[in-house]
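Rule-based calculations on the coordinates, nothing more; no lab input. Please read these numbers as outputs of a predicted model, since none were measured by experiment. Every residue, glycine as well, gets a Cβ built from its backbone with ideal geometry; the counts of neighbours run over all protein chains shown.
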Amino acid sequence: MAKKEFPEKQGLKDKEKPAQNDLSGLSGDFSSKISGLSSKIFGVIKFILAIIILPLVYSSIVAFINEFTRIDKGLEQIFYNGIISFLAIYLFIWEPTVIYNKGHKLLEIMFSFFKPMVNVAPFLLPIYTILIFMIYGLLALGVKSVWLIEYTLFLIGFSSILHLTFSAKSIRSKKGDFLKANYIFGFSFIFILNLSLLALGFSLIFKEFSFVNFCNISCTIFRNIFLAVFKQLFIF
């Protein structure tokens, strides 16, 4: 014969179930709060690092301009014309998102063998600028004409600002960015890396442009700013 349970025991079991659900709910709330707190702490750390890296952005710009002004003024203006042309098209005519996305997918294919880089490389590396430098290097072996360097500089200016603009837009659109730390730190890092790649490429094209000087001036200015701020804060 089947064993019958007493009503009292059955009632006790029914009362235990909500208690267990309440405990699991409290545990879930506690873990979510811990996760939210840790993300905010990490966001504050990234925000501090972003503030620290901003002087390096400034020093890199100064160092790049210092070296870039050594080349021919006409060629220098062609590079800036490329930047201005993109901004005019982007602001008043058309956002060339499709061009950026195709470069994004190309980098994903190139780094498909290394998964961690698939999500990072499209934001870090200006694929069109790199390809333009490579194509110029190959063409320059056989073509000795001023139009080649002029078109190259225009396209480098155009492609560089295209990459920076859409990379900034992509990072800025991400949600859950506490204090905008991801945007400030991420874009600052991308900007410094892209400027360094430009400096390296120009040092291979122009003998007047020195990549070593670019690095030295950047580090010197950054060190001077850091020391000046440190003295103001901690030395009375």
Checked against (1) surrounded by 15 or more Cβ atoms within 10 Å (Cβ to Cβ); (2) of a type in the set (A, V, I, L, M); (3) within 19 Å of the chain's Cα centre (by Cα), V120 satisfies every condition except (1)
Quick check: is even one residue across region 180-187 more than 21 Å from the chain's Cα centre (by Cα) and among the charged types (D, E, K, R)? no
